[in-house]
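The values are calculated or read from the model by the stated rules, or taken from the named source; none is laboratory data. Bear in mind the structure is a predicted one, so any value in this text is a computation, not a measurement. FYI the Cβ positions are ideal-geometry reconstructions off the backbone, even for glycines, and counts take in every protein chain you see. Protein only, heavy atoms only, side chains kept; ligands, DNA and RNA dropped before computing areas. Shrake-Rupley method; radii C 1.70, N 1.55, O 1.52, S 1.80 Å.
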Amino acid sequence: MSSCSGPEDAKVVIIGSGFAGLAAASALVKGGFKNVLVLEAKDRVGGRVNTTKPFTENIIEVGANWIHGQKGNPLFKMAKEKNLLSEGPSASINMCLPRSVSSRDYFFKEDGKPVPEKIVDQVSSRFSKLTDKAFDDKLSPKHKDLTLGAYLDDAFGASPLAATEDGQQVFEWCKRTECTDEACSSLYEVSASQISNYTALEGGFFNTLGPGGYRAILDVLLKDVPSEAIKCSAPVKSIRWDLAKEGQRYPVQVVCENGQSFEADHVIVTVSLGVLKEQATSLFEPGLPQNKLNAIKNLGFGVVDKIFLYFEKSFWPDNCAGVQMVWKEGPENKDVNKALSEGDAWKKTWFKKITGFDTVARHPTALCGWITGREALYMEKLQDSEIGDTCLRLLRSFTGWSVPAVSKMLISRWGSDSHVRGSYTFVPDGVDGVAAHKALASPLPPKDKSRGKRQLQVLFAGEATHVNFYTTTHGAYLTGIREAERLINYYTN
Ligand SMILES: Cc1cc2nc3c(=O)[nH]c(=O)nc-3n(C[C@H](O)[C@H](O)[C@H](O)COP(=O)(O)OP(=O)(O)OC[C@H]3O[C@@H](n4cnc5c(N)ncnc54)[C@H](O)[C@@H]3O)c2cc1C
């Protein structure tokens, strides 16, 4: 049983240095905790935030890029107060994800013909209205029980736009692009009704950061934490808890892969849902309660990857925000289970899942391709050169422009990354998202007054543990603060 009497001598180990871990560390240090240690598996902090400079002195965001929403967003507030937001044109362009499709995106068909702008505008605005209806919890009873894909098919099918070939094909493009927001393989695996639990904060959805990117916000948090309190390249192998029963002084012991071990009164686990899916049964001793294991199994954690192509000079018109590719036959399969059993045929056309190539903030000669789901995972196993060649072939055949060779490339591989195993969380069809996020967030051991000081041994933070802001950086940040406050209250109340 822990012998500590207050925050000054309580030992806290935080596993993971993403937004959740660093927010928790910063809040605990500011709250008077003197023994805080962050163990990070990678050789860098940030987790799914990875601000790098692979091409020039300007940054590239391999992971999170935008701050989603303004009102009530703690990261937007922090960035604004510290002058870390982008100003000028780069704040408004380079945001060609689904809800910001503008006439500055160039849409091409497989045969190299442009898609009429009017069709793109009409379909994308219809698509936005339909997804907004789901987010705003305004689905009709008949649509509530459907997957997001089935609901969209049914609702869009009623529109005259669905009767035209171009309209239908742009609609399929919109669905592929929506997979980026949902981090899923197919919209037919996502619950239509559950996405209303996600809260979109008011204000622009795609707020761009200044030259320091997301790293600059991490640096704000890092300033609060003594550098010796963060240990990188320290992957944790096991978390042994409830040790007080065995007469140990500290109730928790954290053991790293290199054998080093750390005793603690409290551990805050912030590893991704992807890591939990892979390691939950081996990481904890005793094992996790069944409701937590169910939540880990039932919530979805999909892959979104970025393909950065750097050219010596640009070959697209000045007003082009991106080249979007509209295929004759969509890669979507209406029944995800059918899709999974259809064999390997989809591997030959994995590249059809690339929605398009957007221009990149601060890099006037770079493009960023987006790919999701099983096709992204498949792509991750290919050589960079093969991926680059495929992208060039697509760009040339769709646009007919004179596309030069790529001079440098950077391809994310979030699915294969053993410390992340995916990109972000979604709620699959048939899953109660709120119950699952809550089960994931609940501390161990379960509440029991008779345990006295042995409560709150293992706490859980991270994007997947937030009921309304899952998937986002601000969600991750807020869960770190939530768990730090849980401990601060524990010692002060
Ligand atoms: C491609 C991509 C684009 C995105 N775009 C956006 C965006 O534009 N806006 C937005 O808001 N969000 C975006 N996100 C999501 C956002 O990045 C995440 O929600 C957020 O960063 C998650 O933070 P976290 O602290 O919960 O988890 P993580 O950042 O995953 O942190 C967990 C940490 O735990 C470490 N770890 C894992 N296992 C161990 C172990 N055994 N021992 C020790 N350490 C371990 C990991 O290395 C990692 O550093 C994006 C994500 C991706 C991948």
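Extension gain, K144 to N319: 0.36 nm times the residue separation minus the Cα-Cα distance gives 59.0 nm. Given the range 349-452, what whole percent of its Cα pairs are spread farther than 23 Å? Distances greater than 23 Å cover 48 percent of the Cα pairs. Per residue, the chain exposes 41 Å² of accessible surface when a 1.4 Å probe is rolled over the protein heavy atoms with every protein chain present.
For the range 71-80, 3J(HN,Hα) computed residue by residue from phi via the Karplus equation (6.51, -1.76, 1.60; θ = phi - 60°) reads 5, x, 8, x, 6, 5, 4, 4, 5, 5 Hz, glycine and proline entered as x.
Per-residue 3J(HN,Hα) values for the range 357-374, derived from phi via the Karplus relation 6.51 cos²θ - 1.76 cosθ + 1.60 with θ = phi - 60°, read 10, 8, 5, 10, 3, 6, 10, x, 10, 10, 10, 10, x, 10, 9, 10, x, 5 Hz in sequence order (x marks Gly and Pro). Rg/Rh for the chain (Cα atoms only, Rh after Kirkwood) is 0.99.
Pairs over the 18 Å Cα-Cα cut-off, from the set K231/K306; K11/K34; K113/K328; K142/K175; K113/K175; K237/K438: K231/K306; K142/K175; K113/K175; K237/K438.
Short-range pairs are left out: with C-alpha atoms under 8 Å and at least six residues apart, the relative contact order of the chain is 25 percent. Scoring 476-489, 383-396 by mean Cβ neighbours within 10 Å over their residues and listing the highest first yields 476-489, 383-396. Of the residues W173, Y106, T51, the one whose Cα sits farthest towards the positive end of the charge dipole of the chain is T51 (charges of +1 on Lys and Arg Cβ, -1 on Asp and Glu Cβ, taken about the Cα centre). Here is the list for the range 172-236: trypsin sites (Lys or Arg not before Pro) lying in DSSP coil, each with at most 15 other C-beta atoms within 10 angstrom of its C-beta, are K223. Note on Y214: accessible area approximately 0 square angstrom, rounded to 10, probe 1.4 Å, nucleic acids and ligands left out. Highest average first, the peptides 110-123, 254-267 ordered by how many other beta carbon atoms sit within 10 Å of their residues are 254-267, 110-123. Heavy-atom surface analysis with a 1.4 Å probe gives the range 144-255 a carbon and sulfur content of 49 percent of its accessible area.
A simple packing score, the average count of other Cβ atoms within 10 Å per residue, orders the peptides 272-279, 52-59 as 272-279, 52-59, with the highest score first.
For the pair E57 and L293, label points projected 7 Å from Cα toward Cβ lie 5.5 nm apart. Taken along the Cα-to-beta-carbon direction at a fixed 7 Å, the label points for Y490 and K381 span 4.3 nm. Basic side chains Lys and Arg get +1 at the Cβ, acidic Asp and Glu get -1 at the Cβ, and with that the dipole of the chain about its Cα centre reaches some 840 debye. Placing unit charges on the Cβ atoms of the charged side chains and taking the dipole of the chain about its Cα centre, the candidate lying farthest along the positive direction among G6, A435, A150 is G6. With a cut-off of 16 Å on the backbone N, the residues of the range 200-224 near the modelled label site 7 Å out from K77 along Cα-Cβ are 201-203, 221. Pairs of Cα atoms nearer than 8 Å and 6+ residues apart set the relative contact order; for the range 1-43 it is 49 percent.
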